[in-house]
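Heads up: the structure comes next, in structure tokens.
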Amino acid sequence: MPEMPEVETIVRSLRRSIVGRQIVAVDLSGLPLRRPVPPAFAQQLASRLIRAIHRRGKYIILELEPKAFCVVHLGMSGRLFHLPGTAPRPEHTHAVLRLEDASQLQYRDHRRFGLLELYEVPRIGLIPEVAALGPDPLGRKFNGRNLSRGLRECRQEIKAFLLDQHKVAGLGNIYVCEALFHAAIRPTRRCFKVCDEEARRLAGSIRRVLRRAIRHRGTSFSDFMGPDGKPGDHQRFLRVFQREGEKCRRCRGTIERLVQGGRSSFYCPRCQS
DNA sequence: GCATTACCCTGAAAGC
DNA sequence: TGCTTTCAGGGTAATG
């Protein structure tokens, strides 16, 4: 389940390995992902140069020359692998970008919740998926004051707010649970009931949790690994996520689980109010 | 207009 | 042992 730290790990790895390479051919499985991959996708990508790789929220964006942007979202189970050109193409491989140095970039996604799209626009900001995103938690616009302003006028539960990519870009279930634990806020709290001081604390917690996860190359349970095949290491440092019934490392109380909007939330009822 | 729910999908785990 | 059912979750369209 790639969230921002996992996507950032992938982007950093791919920057080292595929930027400056030309795409010579593209093979597609033909199966639809979240949306059907446009029939012209392969033809539009072929012969373009990979100029740079960007991340916006959980989106990976290949900046191409002649100017275009290839947008990749990994959904729940998507993975990118940079492999030798002779590597086999396993089941659930939906796109293969063959590069000029005889290597290949494989997109695999067994649940097909991901997205592959090409936009011929002059700027990243004109990509519709990117334009709709809220501020990046590691960017300048994300701070306690702005977060507090957003929370004040919202009646949703804080968990749903933080998962909404239009409000904050890049957070998923794992890091929302972890950040709320560090900020001592229960996931069911209504946004407008989070005071300024708590919002400031939450903004700081979100940034710290994400930075720490990036240092550990993300969290791996079953789905995530980097393009080089290495899993992340952050799962060892989680305080609440998937720890239902275990002891809280802060107060020795018991971690509980509840379901919000069909997603599991993990929290410590003693530490979080 | 905002909040909530259903749906897409498949592998793994649980239940029978 | 083998089959069936349930669950997980990101994003979005549909519904309330």
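The values are calculated or read from the model by the stated rules, or taken from the named source; none is laboratory data. Since this is a predicted model, take the numbers as computed values, not measurements. Cβ coordinates were reconstructed from backbone atoms using ideal geometry, including for glycine residues, and neighbour counts include every protein chain displayed.
Residue pairs, Cβ under 6 Å, 6 or more apart or interchain, first in the range A:72-83 and among the aromatic types (Phe, Trp, Tyr) and surrounded by fewer than 22 Cβ atoms within 10 Å (Cβ to Cβ), second part of a loop (DSSP other than H, G, I, E, B) and at pLDDT below 90. List them.
Short answer, once both residue conditions are applied: A:81/A:227.
List the residue pairs whose Cβ atoms are under 8 Å apart, where the first residue sits in the range A:142-171 and is on the phi > 0 side of the Ramachandran plot, the second is within 12 Å of DNA strand C (Cβ to nearest atom) and part of a helix (DSSP H, G or I), and the two are 6 or more positions apart or on different chains.
From the range A:142-171, the pairs are A:170/A:4; A:170/A:7.
Evaluate the range A:156-171: report whether one residue or more is within 20 Å of the chain's Cα centre (by Cα), away from DNA strand C (no atom under 16 Å from the Cβ) and surrounded by fewer than 16 Cβ atoms within 10 Å (Cβ to Cβ).
Of the range A:156-171, the ones within 20 Å of the chain's Cα centre (by Cα) are A:158-171.
Applying the additional criterion that residues be away from DNA strand C (no atom under 16 Å from the Cβ) yields none.
For the range A:156-171, residues within 20 Å of the chain's Cα centre (by Cα), away from DNA strand C (no atom under 16 Å from the Cβ) and surrounded by fewer than 16 Cβ atoms within 10 Å (Cβ to Cβ): absent.
Is it fair to say residue A:245 is at negative phi, at pLDDT 75 or above and surrounded by fewer than 21 Cβ atoms within 10 Å (Cβ to Cβ)? Reasoning before the result, please.
On the way: at negative phi: no; at pLDDT 75 or above: yes; surrounded by fewer than 21 Cβ atoms within 10 Å (Cβ to Cβ): yes.
Here the answer is no, as residue A:245 does not meet what is asked.
When you check residue A:117 against the structure, is it within 11 Å of DNA strand C (Cβ to nearest atom), more than 15 Å from the chain's Cα centre (by Cα) and touching a residue at least 60 places away in the same chain (Cβ under 8 Å), yes or no?
On the way: within 11 Å of DNA strand C (Cβ to nearest atom): yes; more than 15 Å from the chain's Cα centre (by Cα): yes; touching a residue at least 60 places away in the same chain (Cβ under 8 Å): yes.
Judged against the criteria, residue A:117 is a match.
Could you check, for the range A:130-142, whether at least one of its residues is surrounded by fewer than 17 Cβ atoms within 10 Å (Cβ to Cβ), within 17 Å of the chain's Cα centre (by Cα) and not in a loop (DSSP other than H, G, I, E, B)?
Checking the range A:130-142: at least one residue is surrounded by fewer than 17 Cβ atoms within 10 Å (Cβ to Cβ), within 17 Å of the chain's Cα centre (by Cα) and not in a loop (DSSP other than H, G, I, E, B).
For residue A:49, which of the numbered conditions (1) crowded, with 20+ Cβ neighbours inside 10 Å; (2) closer than 19 Å to residue A:103 by Cα; (3) not basic (Lys, Arg) fails to hold?
For residue A:49, the exception is condition (1).
Return the total of residues in the range A:143-186 being in a loop (DSSP other than H, G, I, E, B), within 15 Å of DNA strand B (Cβ to nearest atom) and either within 15 Å of residue A:201 (Cβ to Cβ) or hydrophobic (A, V, I, L, M, F, W, C) (or both). Working first, answer last.
First pass over the range A:143-186, keeping only residues in a loop (DSSP other than H, G, I, E, B): A:143, A:153-156, A:164-172, A:183-186.
Still in the running and within 15 Å of DNA strand B (Cβ to nearest atom): A:153-156, A:164-168, A:172, A:186.
Checking the rest, the ones that are also either within 15 Å of residue A:201 (Cβ to Cβ) or hydrophobic (A, V, I, L, M, F, W, C) (or both) come to A:154, A:168, A:186.
The total comes to 3.
Identify the single condition in (1) within 19 Å of the chain's Cα centre (by Cα); (2) within 16 Å of DNA strand B (Cβ to nearest atom); (3) among the small types (Gly, Ala, Ser) that residue A:52 does not satisfy, given that it satisfies every other one.
For residue A:52, the failing item is (2).
On the basis of being farther than 30 Å from residue A:208 by Cβ and within 15 Å of DNA strand C (Cβ to nearest atom), does residue A:112 make the cut? Walk me through it before giving the result.
Details: farther than 30 Å from residue A:208 by Cβ: yes; within 15 Å of DNA strand C (Cβ to nearest atom): yes.
Considered against the rule, which asks whether it is farther than 30 Å from residue A:208 by Cβ and within 15 Å of DNA strand C (Cβ to nearest atom), residue A:112 comes out as yes.
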